[in-house]
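The values are calculated or read from the model by the stated rules, or taken from the named source; none is laboratory data. Because the structure is a prediction, the values reported are computed rather than measured. Backbone-built Cβ (ideal geometry, glycine too); neighbour counts: all protein chains shown.
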Amino acid sequence: MNPVPARAFLGLGSNVGNRCRNLNKAMDLLSRRVVIVKKSSVYETEPLDNIDQPRFLNMVCEVKTTLSPQGLLDFVKSIEKELGRLPGYTRNSPRTLDIDILFYEDMVVREPELSIPHPRLSSRAFVLVPMSEIAPDFVDPATGNSIGQLLAGVFDNRQGVSKAGEL
């Protein structure tokens, strides 16, 4: 008997090399193991914290997967590696590709290698803006707030986020 697919949301970002090509390739590689249900537009965003680096292209996609949360993490990390991300990177450093598991069903997971929902999601417009495009009513199980409510609560809810186009 096949397991019932789980609903998950992934955040993708790139600011090194051909950013659009990196996102397109990531989506292609993702589709080999998960079903992509929806994808947001692509947004150009300013880097946070470490601001002395190129701007990012960011997007969010909704997927269906039979992978466990840890299996999904291992899978997205393998895609990052395939597209040139080196292990042992510094947080907020430039990268060819970053894929974060934003949500996995309504699970809350806090482990050393895996945190779901993503722990800084509620303050990051570069995630909330594209997520609100495809699932504004999705409820964050950690806070009980919808994505739309979380976005409304971000001080400057655009934080240098502007629509760049479609993939």
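Being more than 13 Å from the chain's Cα centre (by Cα) and of a type in the set (D, E, K, R) narrows it down to one residue among D140, D100; which is it?
When all the criteria are applied, what remains is D140.
Residues that are small (G, A, S), in contact with a Phe, Trp or Tyr (Cβ under 7 Å, 6 or more places away or on another chain), outside any helix (DSSP H, G or I) and within 18 Å of Q70 (Cα to Cα) do not occur anywhere in segment 12-20. Of all residues in segment 56-73, those that are surrounded by 14 or more Cβ atoms within 10 Å (Cβ to Cβ) and either more than 16 Å from the chain's Cα centre (by Cα) or assigned to a strand (DSSP E or B) (or both) total 11.
The residue that is modelled with the lowest pLDDT, among those in segment 23-48 that are surrounded by fewer than 18 Cβ atoms within 10 Å (Cβ to Cβ) and part of a loop (DSSP other than H, G, I, E, B), is L48. Checked against (1) at pLDDT below 95; (2) over 22 Å from S162 (Cβ atoms); (3) in contact with a helix residue (DSSP H, G or I) (Cβ under 7 Å, 6 or more places away or on another chain); (4) surrounded by fewer than 18 Cβ atoms within 10 Å (Cβ to Cβ), G84 passes all but condition (3). With respect to the stated conditions, V76 fails to be crowded, with 20+ Cβ neighbours inside 10 Å, modelled with pLDDT under 95 and within 13 Å of G11 (Cβ to Cβ). Evaluating S132 against the criteria (1) touching a residue at least 60 places away in the same chain (Cβ under 8 Å); (2) assigned to a helix (DSSP H, G or I); (3) of a type in the set (S, T, Y) leaves one unmet condition, (1). Of the candidates R7, R32, R21, the single residue that is closer than 19 Å to P130 by Cβ, of a type outside the set (V, I, T) and without any contact (Cβ under 8 Å) to a residue 40 or more places away in the chain is R21.
Residues in segment 122-157 that are in contact with a helix residue (DSSP H, G or I) (Cβ under 6 Å, 6 or more places away or on another chain) and at pLDDT below 90: S122, V154, N157.
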